[in-house]
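Here is the structure we will look at, set down as structure tokens.
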Amino acid sequence: MEGSELSVSIEPLRSGHAALLFELLRDEAIYEFLDELRPESVQQLEQRHAFMLNPDSAPPDERWLNWLVVANSTSWQPRRQVVGTVQATIHLDKRQVVVAYIIAPHYWGRGIATRAVELMLDELVKDHPVKSAQAYIDPANRRSIALVERLGFVVSEDSPDRDGNVVYERSDLIT
Ligand SMILES: CC(C)(COP(=O)(O)OP(=O)(O)OC[C@H]1O[C@@H](n2cnc3c(N)ncnc32)[C@H](O)[C@@H]1OP(=O)(O)O)[C@@H](O)C(=O)NCCC(=O)NCCS
């Protein structure tokens, strides 16, 4: 919006965030290209988060990290709004991270997901020796493909995966 300023930040997901995310994650448009289902209640989303946040849920060679995406705009009321989530699955053996992201449709097309994924990659390389990042994307998911291409991902030699997703990769996380 003209004259308005938008900034994006990410915060580690914690128990209690389900109530902030539930209404956002109810929008059917989010799930057009995803395998996961819409949450049915705040309680069900809380349980999903509890599983994701429990370190014992991940296989021994994986780490699961999740963040809330928050955007601030001078033209919004309230200025600070929770807009989605970003997720990283670290494969320790391959020093590789698989990224995923959801932004609520109301906030699409403003560069929020691009910035949030960029912030997540910055956070990841601070604490984890990951060399490459991958994203598995339905070939019809134009928005997601545009996003990873903007961030320098290219189609990987692992592509397509067995479900027909295009595998995008960026191999320059640690130079
Ligand atoms: C994929 C998804 C995360 C993209 O979210 P988004 O916030 O709209 O993405 P961005 O705004 O960063 O980029 C999208 C558009 O914004 C534009 N944009 C990028 N930076 C911008 C900026 N600073 N200002 C304004 N617009 C900008 C881009 O040009 C892009 O437009 P285009 O798609 O016409 O090329 C979102 O559509 C989504 O959550 N989809 C459902 C879940 C999903 O499919 N996740 C991916 C699974 S692989």
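The values are calculated or read from the model by the stated rules, or taken from the named source; none is laboratory data. Small disclaimer: the values here were computed from a predicted structure and weren't measured. Please note: Cβ atoms are built from the backbone with ideal geometry, for glycine as well, and neighbour counts cover all protein chains shown.
Tell me yes or no: at least one residue of the range 146-164 is in contact (Cβ under 8 Å) with a residue 24 or more places away in the chain and among the polar types (S, T, N, Q). Looking for residues that are in contact (Cβ under 8 Å) with a residue 24 or more places away in the chain and among the polar types (S, T, N, Q), one finds none in the range 146-164, hence no. Criterion applied to 115, 170 was being of a type in the set (Lys, Arg), surrounded by 17 or more Cβ atoms within 10 Å (Cβ to Cβ), within 16 Å of the ligand (Cβ to nearest atom) and closer than 22 Å to residue 12 by Cα, and the one residue passing it is 115.
Within the bounds of the range 63-76, is there any residue that is of a type in the set (A, V, I, L, M, F, W, C) and touching a His at 6+ places or on another chain (Cβ under 7 Å)? For the range 63-76, residues of a type in the set (A, V, I, L, M, F, W, C) and touching a His at 6+ places or on another chain (Cβ under 7 Å): present. Annotation: of all residues in the range 70-95 being more than 16 Å from the ligand (Cβ to nearest atom) and farther than 22 Å from residue 20 by Cα, the one that is surrounded by the fewest Cβ atoms within 10 Å (Cβ to Cβ) is 93.
For the range 122-155, a residue qualifies if it is in a helix (DSSP H, G or I), buried (at least 18 other Cβ atoms within 10 Å of the Cβ) and either of a type in the set (Val, Ile, Thr) or near the ligand (Cβ under 10 Å from one of its atoms) (or both), and the qualifying residues are 144, 145, 147, 148.
Whether a residue is touching a Leu at 6+ places or on another chain (Cβ under 8 Å) and either at pLDDT below 95 or closer than 19 Å to residue 80 by Cα (or both) was assessed, and residue 115 does not pass this test. Checking the stated criteria, residue 100 turns out not to satisfy the condition of being under 19 Å from residue 73 (Cβ atoms), modelled with pLDDT of 95 or more and among the aliphatic types (A, V, I, L, M).
Within the range 4-41, the set of residues being surrounded by 11 or more Cβ atoms within 10 Å (Cβ to Cβ), more than 11 Å from the ligand (Cβ to nearest atom) and without any contact (Cβ under 8 Å) to a residue 12 or more places away in the chain comprises just one member, 23.
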